[in-house]
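The values are calculated or read from the model by the stated rules, or taken from the named source; none is laboratory data. All values derive from a computational prediction rather than experimental measurement. No Cβ is skipped: glycine too gets one built from the backbone with ideal geometry, and neighbour counts run over all protein chains shown. Please note that ligands, DNA and RNA were not included when accessible areas were found on the heavy atoms of the full protein model with its side chains. Shrake-Rupley method; radii C 1.70, N 1.55, O 1.52, S 1.80 Å.
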Amino acid sequence: MATSWKVRWLLLACALVMGTGTLAQAQSHTTISGIVLDAETGETLPYASVRIDSLDIGAATNVEGRFVLLKVPLGPHRLSVSYIGFQTKTLTVDAQPNPDPLEVRLDPLEAELGEVFVTAEQYEMMQTAQSISQITVSPRELAALPSFGEVDIFRSLQLLPGISGSNEGSSGLFVRGGTPDQNLVLLDGMTVYHVDHFFGFFSAFNADAIKDVQVYKGGFPAAYGGRTSSVVDLTGKSGANDLRAGVGVNLLSASAVVEAPLGRRATVLVSARRSYTDLIQTGVYNSIFETLTGDEATPEASNGGAFGAAFAGPGQAVVQPDFYFYDVNAKVTVRPTNSDVLALSVYNGQDNLDESRFTSTAFGDGQEVATTILNDISDVTQWGNLGVSGKWSRQWAPRLFSNSVVSYTEYFSENVSASLLESIRADADTAEFSRALGSLEDNTLSDFSVRLDNEWTASPAHKLGFGFQFTRTDVQYELTRNDTLRVLDTDQSGQVVAGYLQDTWSPGSAFTVTGGLRLTHYDVTEETVLAPRLSAQLNVTDRLKVKAGVGRYHQFVARVVNENVTEGARDFWLLADGEDVGVQRSTHYLAGIAYDAPNWLFDVEAYHKDLTGLSEFSLRFQRGDADFESSNLFFGGTGVARGLEVLVQRKFGATTGWLSYTLAEVEHTFPALNDGDPFPALHDQRHELKLVQSSRLGDRWSLSTTFTLATGKPYTTPESQYAITLLDGTEQSYIHVGQKNGERLPAYHRLDTSVHYRFPVQTAEVDVGISLFNLYNRTNVWYREFDLTQTPFVTTDVSFLGLTPNLSLRVDL
C-alpha cells in the first residue's frame, strides 16, 4: 500500500515537471498574425510576402491579405513585408504571448517614402513566385506598357515567358501549347469563358477594377480544377475607404471608376468602359476594322457605275458598320466584424457589331446599264459575358481561414445574317429573279457554381488546404445554313462535383513540397477521376533554387475549333459527352532552376504535357447537304506539348523589365485527319523572343518598350478543287488540301513603345500618354485566304495592324 502511494506521487511529480516544461516551451514562443493593406486605399493585399529573415520564417497572405507566423521566439524581431507594385516595408515587432493582430500598410511605389525604412527590393510589374510556374502581375503597373489604347491585362500577360505574344487577333492566352479555352479564368471566384472585346483586340477585363493577378502556367495545385492548361486568378478591388474617382479617354474608348465608403465597415467600387466607335470612328478604329474585315470602315455610297462591257465592278456598301463594346464592374464589400468579409461582385461585358449593308452592282456594255444586281445584307453579331458572385470569408482563428463563393456566369455569342439578292433589268419593272438566304449561329453557356476553400496552418511545417466544388453547366448551340439546313442543334446539361485535399510541407527553410489530390465526378459520362498533384522546391543555396512538379488534369467543357481552310476558323463551346466531344485530360511534367541575384533573376523551366480528348469540328469532309450527322462532323485526337523557357529579369531600379526566350513544340494526332499522321497545332511556334523594358525618367516621365519575335504559325493550304459526277447524275465538289498545317506563315516581329507624363493639377493626378503600336510598320501576316474559283487558285495575305498611334488621357481625383 505504501509502495503504491509512492508510485502515485512519483507519477504526479513527473507529470507536473513535464507540464511545466511544456508550458515554459510554449511561453518561449508565440504566434504573430495580421493583415496587409494598401496605405492609400485600405485595400487588402493578397499573396503579399511576410518574413522574419533572421529566423528564416515566412508566409504569404491569403486572398483577404491575412497572414500567420507560428513559433516565433519571444522578443523583438525585424518583420519584412513586400508586395509587387508597392514599397517593401520593414518594421520592428515585439513578439509577446497572445499578441494583438498586426496591421501593416504598404505604400505604392510612386508615393512619398516618408519615414518608412525601405529596402532596395521593390518588384514593380512581374514577380515569379516560390511555386513552380507561378507568376504574380501588378495591374496598377501595367498602365505604363504600350497598348492599342486600353490598359490591357491579358495583352500584358502575353508578354510573359511561356505565353504566346504574337496573337494580335486574340486576347486569349496560349499557354505552353494550350488554347484559351483550356485556361481557368476566375474573377472574384466566377468563371469567365470568353475574354475578348473587339474580336480579340482587347481583353474583357478593365484594369481599373482588378487588384491582383495570379498566373499558374502549369502544375497548378489541387484547389483548382476543370481545365487542362493554366489558371488566371483575378481578384477585384473592394473600393477605397475614402471617396476616389478617375476618368480616362483615348482614341477608341472612355472609362470611369468610382470608389467610396458605405459607412464605417463597407466600401463600393463601380467601373465602366465603353467604346465610342459607333459614334466617332477614329483612324485607330478604321485601321483595326479594315484589318479584321478587309473592308473599309467608312465606305462612300456608290451605285456601282458601268465600267466594262460585261461587268461594272462590285458595288459599295452604303451603310457604315456599327460597332461598340462596353463592360461594367461593380463590387460591394462589407466587413461586419474583424474576422468576416462579405462581398458581392457583378461583371457584364458585351460587343455589338452590325455589318448590315446594301450593295448595287450594274452590268452593261460600257455605255448604258442593262442589269442591276441588288443585295440587301443583314449581318448582326453580339457576344458577351454576364457574371455575379457572392463571397463570405472568415478568419475562424489565426490558423484557420475559410472562403466560400457562390457564382453564376453566362456567355453568349449570336450571329444572324440574311441576304436578299435581286436582279433587275433596265427595261423591266420587276425583278428578273429574287433569292433570299440566311444563317444563324447561336451559342449560350451558363455556369452555376458553389465553392468552399479552407486553409489550416497546422504547424510551422504543414499548411493544409481542403474544400469542395459543385458546378452545373448548361450549353446550347445551334448552327443553321440557308434558312432550312440545320447543321447542328445541341442542348446539354452537366454537373461536376469535386473535392480536394493538399498539404504544403516545409520541414526546413531549404525544402518545400506541396502534394494534393482532387477527386471529381462528372455525371454526363458517369465517370469519377482522381487527379494527383505534386510540386517541390529545393533551395541549394540562398540564391540557387531547383524546382519540379507533376500533375494530372481534366476538363469537361471545351471550345471546339471549326477547321475550315476556305472560311477561316470559328469556334463554339460544348460539354464533353464522351462521343462527339471527349473529356480532355492532360499530364504536366515540370522542372526548373533559378538563380536569384541581388538585382537580377535567371530562371529556366522545361515542361512536357501529354494531351488526350482533343476535338475538332469540320464541314470539309461532308458528302452532301443531307449528311450532317454529328459523327461525321467531330474528330477526336491526342497531342503533346513540350518546351523550354529562359527568363532574365531586372527586378528593381529605375529601369526594370525582362528578356524571355521560349523553345516549344505542339503536335496533334487525329486518326481521321492527315492520314493519321501527327501535325503541328495551329498555335505551334518553335521560337519566341520577347523583350520588355520600363523606365522611370524622374518623378513625372516614364518610357516603356516591348519587342516580340516569333517563328510563323502553321496553316493548311488547298491544292485543287474538282467535281465528281455521282451515279444519280449530280455533281459533288471536293477540295483537295495538302498536309494539315504543313505550311508556315512568315516570321512575326513587332516593336511597340509608349511615353507617359504624370503631373498634379490641384488635388488631381493627370496622366497623358502616347502609344505607338508596331513602331516600324512591320507587315505581319495574320492568315491566308484562298480563291478557288480561279485556276491556279489565288492566295491573299491578310495582315495584322501596321503602325498605329494612340493618345490617352487619365485623371484621378
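Quick look at the values:
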item	result
Qualifying strands (runs of 3 or more DSSP E) (wholly inside segment 218-285; at least 1 residues being closer than 30 Å to Leu530 by Cβ and not aliphatic (A, V, I, L, M))	230-236
Members of segment 65-81 that are buried (at least 21 other Cβ atoms within 10 Å of the Cβ) and over 17 Å from Gln96 (Cβ atoms)	Gly65, Arg66, Phe67, Val81
The one condition in (1) of a type outside the set (A, V, I, L, M, F, W, C); (2) part of a loop (DSSP other than H, G, I, E, B); (3) closer than 30 Å to Ser164 by Cβ; (4) modelled with pLDDT under 80 that Gly729 fails to fulfil	(3)
Selection count where residues are under 19 Å from Val137 (Cβ atoms), part of a loop (DSSP other than H, G, I, E, B) and either hydrophobic (A, V, I, L, M, F, W, C) or open to solvent by 10 Å² or more (accessible area, probe 1.4 Å) (or both), scope segment 44-61	3
Tally of residues being touching a Pro at 6+ places or on another chain (Cβ under 7 Å) and not in a strand (DSSP E or B) across segment 764-789	1
Residue check, Ser229 closer than 23 Å to Ala710 by Cβ, at pLDDT 90 or above and either out of contact with any Phe, Trp or Tyr (no Cβ under 7 Å at 6 or more places or on another chain) or aliphatic (A, V, I, L, M) (or both)	yes
Looking only at segment 207-234, and only at residues there that are open to solvent by 10 Å² or more (accessible area, probe 1.4 Å) and not charged (D, E, K, R), the one that is nearest to Thr514 (Cα to Cα)	Pro221
Residue match in segment 238-256 (condition: open to solvent by 20 Å² or more (accessible area, probe 1.4 Å), β-branched (Val, Ile, Thr) and touching a residue at least 60 places away in the same chain (Cβ under 8 Å))	yes
Some residue of segment 791-801 being open to solvent by 60 Å² or more (accessible area, probe 1.4 Å), in a strand (DSSP E or B), at pLDDT below 90 and of a type in the set (Ser, Thr, Tyr)	yes
Whichever residue in segment 449-463 is in contact with a Leu (Cβ under 8 Å, 6 or more places away or on another chain) and surrounded by fewer than 15 Cβ atoms within 10 Å (Cβ to Cβ) and, among such residues, is nearest to Ser509 (Cα to Cα)	Ser459
Residues that are at pLDDT 85 or above, open to solvent by less than 20 Å² (accessible area, probe 1.4 Å) and under 12 Å from the mean Cα position of the chain (by Cα), drawn from segment 165-177	Leu173, Val175
Residue satisfying all of: in segment 633-692; crowded, with 19+ Cβ neighbours inside 10 Å and polar (S, T, N, Q); farthest from His588 (Cα to Cα) among these	Thr656
Leu574 being at pLDDT 85 or above, hydrophobic (A, V, I, L, M, F, W, C) and buried (at least 19 other Cβ atoms within 10 Å of the Cβ)	yes
Residue among Thr504, Thr471 that is in contact (Cβ under 8 Å) with a residue 24 or more places away in the chain, buried (at least 17 other Cβ atoms within 10 Å of the Cβ) and either in contact with a helix residue (DSSP H, G or I) (Cβ under 8 Å, 6 or more places away or on another chain) or closer than 30 Å to Pro598 by Cα (or both)	Thr504
Test: residue in segment 91-110 that is buried (at least 19 other Cβ atoms within 10 Å of the Cβ), among the acidic types (Asp, Glu) and either at pLDDT 90 or above or under 29 Å from Ser171 (Cβ atoms) (or both)	no
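Table: residues versus (1) over 27 Å from Ser230 (Cβ atoms); (2) open to solvent by 30 Å² or more (accessible area, probe 1.4 Å); (3) of a type outside the set (Lys, Arg).
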position: Gly516; (1), (2), (3): no, no, yes
position: Thr525; (1), (2), (3): no, yes, yes
position: Leu530; (1), (2), (3): no, yes, yes
position: Arg543; (1), (2), (3): yes, yes, no
